[in-house]
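Novice: Once you've had a glance at the structure underneath, I'll fire off some questions.
The values are calculated or read from the model by the stated rules, or taken from the named source; none is laboratory data. The model shown is predicted, which means the values in this text are computed figures rather than measured ones. Cβ sites come from the backbone with ideal geometry, for glycine too, and all protein chains shown count toward neighbours. Protein only, heavy atoms only, side chains kept; ligands, DNA and RNA dropped before computing areas. Shrake-Rupley method; radii C 1.70, N 1.55, O 1.52, S 1.80 Å.
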Amino acid sequence: MGTLNVYKGTDGDYTSGSNWTTTAKPAATDEVVFPSSATGTDITGVNESARGLDSFTVEEGCGLGFGTMAVKLQVDPGIFNFAGTKKSFFDLGSNAQTVNVFNSATASGDESGLYIIAAHASNVMNLYKGQVAVEVYPGDVGQFATINVGYISSKTGDAYLVTGDGLTLATLNMTGGNVSYNTAITTTTVTMSAGNFYTKGSGAITTLNVKGGRAYLDSVGLITNLNMFAGTTDFTRTNGARAVTNINAYHGSTLLYDKDFVTLTNKLVNASSGKTKIIQSAG
């Protein structure tokens, strides 16, 4: 384990040694903590990404903000835990990380409570509660191997994720929450058992498994394999041309689509003894 280094300052200067319990600004292998009791000025955005922290934790109830849209706080921990209550902006650098979000500031309009850039292809995010935006501003580029969106107490009300077109993501798993997925890059696998999944932009999905909840598929990107086990798959919110190569449908699932705008390359396969509810509009 690294050295515990707790923020005790009030002036928002991350680099001042007097603001930390070790009397030095966070160094490599430190376990950095912003406690729930922290007060004072928000933490100024600076580049401290070269430090290689063990962990960076913003405790539940911490009322400090971090960075700004123009100047993010750049840190590079192995584990990033966030449960703060004020809008914050982070660039999490190039090391492989596990990102755990337990809370954030409440979103206002189209804004989110926590903004993240993260670069490593092996990154993992677990979003339990809060409103998080990943790679959403022009020029933001980053990667995650896996993002898991769930909930703490409200299956559809706790977690909100917004992604931008600079995100490369291999796997998205949803056991709750809401995801607005706007990317121009192919995602390998999306699996949802609850919540609401909204696709936008031009990104393609290799395999989409709908096991519950509702998938609103507005992206013009190709879906190669759509497996509908339960829940509702809805193509009707936009008239943009879209295509699905293979659809496997199971009893209890619902498909809504307009045949004038959605091309099913191969015939839909009812993969169980029951029938899929298909609501098809002629345009």
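Novice: Using the basic label-point model (7 angstrom from Cα toward the beta carbon), what is the SER122 to SER154 distance in nanometres?
Specialist: 3.7
Novice: Considering all alpha-carbon pairs of the range 156-235, what whole percent are spaced by more than 21 angstrom?
Specialist: The calculated P(r) of the range 156-235 puts 14 percent of pairs beyond 21 Å.
Novice: On to the next question. Going down the list LYS211/LYS267; LYS86/LYS211; LYS86/LYS155; LYS87/LYS200; LYS155/LYS259, which pairs span over 30 Å between their C-alpha atoms?
Specialist: Flagged as over cut-off: LYS86/LYS211; LYS155/LYS259.
Novice: Can you compute the charge dipole magnitude of the chain about its Cα centre, using +1 on each Lys and Arg Cβ and -1 on each Asp and Glu Cβ, nothing else charged? Give it in debye, rounded to the nearest 20.
Specialist: Using Cβ point charges on Lys, Arg, Asp and Glu, the chain gives about 1160 debye.
Novice: So which residue, out of SER94, SER153, SER112, gets the largest mean-square fluctuation from a GNM of the chain using Cα contacts under 10 Å as springs?
Specialist: SER153
Novice: In percent, how large is the relative contact order of the range 88-162, given Cα pairs closer than 8 Å and 6 or more residues apart?
Specialist: 30
Novice: Give the lysines reachable from LYS25 as a straight Cα distance under 21 Å; neighbours fewer than 8 places away on the same chain don't count.
Specialist: Within reach: LYS8, LYS72.
Novice: If you don't mind, there's one more thing I want to ask. Need one number: nm distance between label points at ALA50 and ALA230, each 7 Å from Cα along Cα→Cβ, rounded to one decimal.
Specialist: So the label points at ALA50 and ALA230 sit 5.3 nm apart.
Novice: Give the relative contact order (percent, whole number) for the range 122-189; include only Cα pairs under 8 Å separated by 6+ residues.
Specialist: 33 percent.
Novice: What whole-number value in Å² describes the accessible area per residue of the chain for a 1.4 Å probe? Provide the component values of the computation, followed by the final result.
Specialist: On the way: 11580 Å² over 283 residues.
Accessible area per residue, the chain: 41 Å².
Novice: Highest GNM mean-square fluctuation, the chain, Cα pairs closer than 10 Å: which of LYS87, LYS259, LYS129?
Specialist: Evaluated over the chain, the most mobile residue of the options is LYS259.
Novice: Okay, moving on. Please build a GNM for the chain, connecting alpha carbons under 10 Å apart, and tell me which residue among THR191, THR23, THR207 fluctuates the most.
Specialist: Of the options given, THR23 has the highest mean-square fluctuation.
Novice: If exposed GluC sites (Glu not before Pro) are those in a DSSP loop with at most 16 other Cβ within 10 Å, what is the longest stretch of the chain that has none?
Specialist: It works out to 112-283.
Novice: To continue, here is another question. Place +1 on the Cβ of every Lys and Arg and -1 on the Cβ of every Asp and Glu in the chain, take the dipole about the Cα centre, and give the residue among GLY157, ILE223, THR199 whose Cα lies farthest towards its positive end.
Specialist: After comparing all options, I get ILE223.
Novice: Additional query: What list of ³J(HN,Hα) couplings, whole Hz, do you get for the range 214-220 from phi and the Karplus terms 6.51, -1.76, 1.60, once you set θ to phi - 60° and write x for glycine and proline?
Specialist: 3J(HN,Hα) across the range 214-220, in whole Hz: 9, 9, 9, 9, 9, 5, 8.
Novice: Work out from phi, with θ = phi - 60° and the Karplus expression 6.51 cos²θ - 1.76 cosθ + 1.60, the ³J(HN,Hα) of each residue of the range 145-155, listed in order in whole Hz, and give x for Gly and Pro.
Specialist: Here the 3J(HN,Hα) series is 6, 9, 10, 10, 10, x, 6, 9, 10, 10, 4 Hz.
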